[in-house]
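Scroll down for the structure; my scribbles are underneath it.
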Amino acid sequence: MPAMTMADLREEMMALSTGAVKSETFDIRVDPEVAFSEIIDRRGYAYWLDAGPSADSGWSYMGQVGGGFDESPGFVILGEPDQGRTRILQPATGCALDVEDSVIGVVSDTLRRLEALSEGCSLGCVGWIGYESAALESGAAPRASTADPDSVLLYPARQIAFDHSRRQVRLSSLLTGDAESDDQWRRRMLAALRALDGRCPTEPVRPPELEPVTARSSPGEYRAQIEECQRRIADGDAYQLCLTNQFRTTTDEDPLAIYQRLRRINPTQHGGFIVAGEHSLLSSSPEMFLDVASDGLVTTKPIKGTRRRGGTPREDRHLLEELRNDSKELAENLMIVDLMRNDLTSVSELGSVVVPSLFDVEEHPNVFQLVSTVRGRLRPGTSLRQLLRSTFPAGSMTGAPKAAAMQILHGLEASPRGAYAGAFGYMGVDGNVRLAMTIRTIMLNGSEVRIGSGGGITALSQPDFEIEETVIKIRPLLTALGSSIGDFGGYR
């Protein structure tokens, strides 16, 4: 692959945009699932940020870099934290540049450069940032790579967006010096979308019957880790520790078919399907990590506290009230709210950080979740790197205090978390950021499947309940795959 210098990269960035963005909106009622499966080339780098199968508000976004779309221009940023570098690829030319900086630093710098070139741009970087990249940025030692890229971020020059409230489609592109190519893309996309107007998605195929997943830590090993967490808490080393496990299996099925089932089984407004060659992220995340508006208003909605849904309305109500009044779950949520308040305070205007809602219960198809909201206003000039360095990894996936919790968990968990417990979504040139937590997520590397699951451990935690919680959280994912938990400590 040809080498590329920083000077070459800046020149390519300038060639990518003339400083203008063209966006056009059309009254076409196209289902995003139909559009993605029919239009997007998934052989290289592609994404679909999914507001859900029944969305009547919000936006869904999709696009690609390289492949179809007339060799879609753009860049791909790959994080390799254990190598101390980040790689920038330009698939259309095969050029590559290795930068001795974290992926968060490179993305922040890339968006700053492109902001100067593309005033008013509504495009940006789309993808995932893994836990290890986040840990490295916070000063923790990086761990050896998993089989997945720790971080993958696409910077597409062209994008399709779906406005669910108005039922419209928006085509956006950075205007390059090749106006004819851009016009051709727009005409082809418009024709393809109109041909799909009104078409309903087909029902997903039934999953194959896979073997039960295997766990990195057996129930007995996980119980011992919980007890070690509680010992460290009793010693005063931490208040809460978000301990995680990893489950594995294999499948030869098309990742899109799995995601199509997942979004029906476990619908969410923070869904995502991201493809990077042999690697795919399939997420039904319930948790919003960061939502930043262009005026600097920043919101985070940490989740701590889970109950399964009941089999009857009466049992459902009982479990909801049980969660709402569980002192352990309330304390766990409050600790993370306090941590996130502290994280946002370091980058927000004085006195702007507030908690507009505390201990709300959100209903999802398979679980109840205890959710709080923390909001602030970023100080003028705050960079993306400063924001993520202050807040990432999210406290809901570390524990508190954050630095001590990460160090303890590093010693307890037998392998890197990889993409799991990081974040995925969109970081815009215009200052808008929308990132979800990478939880309730299937990671694929070819035929290899990895799923992370865990929970917050406190002094009041009951090991049996914590083991059961890891199973409850991944059941919808296993159903989408056609797998099962087997007999995991008596839980199925």
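The values are calculated or read from the model by the stated rules, or taken from the named source; none is laboratory data. Note that the coordinates shown come from a computational prediction; the quantities given were computed from them, not determined experimentally. Methodologically, a virtual Cβ is constructed for each residue, glycine included, from the backbone with ideal geometry; neighbour enumeration extends over all protein chains shown.
Just one of (1) assigned by the TED database to the domain that holds GLY66; (2) touching a residue at least 24 places away in the same chain (Cβ under 8 Å) trips up LEU241, so point out which.
The one condition LEU241 does not meet is (1).
Which count do you get for residues in the range 468-489 that are in contact with a helix residue (DSSP H, G or I) (Cβ under 8 Å, 6 or more places away or on another chain) and surrounded by fewer than 23 Cβ atoms within 10 Å (Cβ to Cβ)?
Adding up the residues that qualify gives 6.
Please enumerate the residues belonging to the range 398-419 that are touching a Phe, Trp or Tyr at 6+ places or on another chain (Cβ under 6 Å) and either within 22 Å of ILE451 (Cα to Cα) or at pLDDT 95 or above (or both).
Scanning the range 398-419 gives ARG417, ALA419.
If a residue has to be more than 27 Å from THR382 (Cα to Cα) and out of contact with any helix residue (DSSP H, G or I) (no Cβ under 7 Å at 6 or more places or on another chain) to count, how many in the range 306-356 make the cut?
21
Given (1) surrounded by fewer than 20 Cβ atoms within 10 Å (Cβ to Cβ); (2) more than 30 Å from LEU350 (Cα to Cα); (3) in contact with a helix residue (DSSP H, G or I) (Cβ under 8 Å, 6 or more places away or on another chain), where does SER390 come up short, assuming only one miss?
(2)
When only residues in the range 219-241 that are at pLDDT 95 or above and either assigned to a loop (DSSP other than H, G, I, E, B) or over 30 Å from LEU330 (Cα atoms) (or both) count, which is nearest to the chain's Cα centre (by Cα)?
ALA238
Give me the strands (runs of 3 or more DSSP E) completely within the range 278-384, filtered to those with at least 2 residues that are among the aliphatic types (A, V, I, L, M) and crowded, with 20+ Cβ neighbours inside 10 Å, ordered by residue number.
Hits in the range 278-384: 279-285, 288-292, 367-377.
Scanning for something part of a strand (DSSP E or B), surrounded by 22 or more Cβ atoms within 10 Å (Cβ to Cβ) and of a type outside the set (A, V, I, L, M, F, W, C), does the range 251-271 turn up at least one residue?
Going through the range 251-271, the residues part of a strand (DSSP E or B) turn out to be 270-271.
When the remaining residues are screened for being surrounded by 22 or more Cβ atoms within 10 Å (Cβ to Cβ), the result is 270-271.
When the remaining residues are screened for being of a type outside the set (A, V, I, L, M, F, W, C), the result is 270-271.
Scanning the range 251-271 turns up at least one residue that is part of a strand (DSSP E or B), surrounded by 22 or more Cβ atoms within 10 Å (Cβ to Cβ) and of a type outside the set (A, V, I, L, M, F, W, C).
In the range 44-68, which residue that is part of a loop (DSSP other than H, G, I, E, B) and among the aliphatic types (A, V, I, L, M) is nearest to SER173 (Cα to Cα)?
Among residues in the range 44-68 that are part of a loop (DSSP other than H, G, I, E, B) and among the aliphatic types (A, V, I, L, M), the one nearest to SER173 (Cα to Cα) is ALA51.
What do you reckon, is VAL471 among the aliphatic types (A, V, I, L, M), without any contact (Cβ under 8 Å) to a residue 40 or more places away in the chain and touching a strand residue (DSSP E or B) at 6+ places or on another chain (Cβ under 9 Å)?
Spelling it out, VAL471 is indeed among the aliphatic types (A, V, I, L, M), without any contact (Cβ under 8 Å) to a residue 40 or more places away in the chain and touching a strand residue (DSSP E or B) at 6+ places or on another chain (Cβ under 9 Å).
Got at least one residue in the range 424-447 being small (Gly, Ala, Ser), in contact with a strand residue (DSSP E or B) (Cβ under 6 Å, 6 or more places away or on another chain) and closer than 21 Å to GLU332 by Cα?
Yes, that holds for at least one residue.
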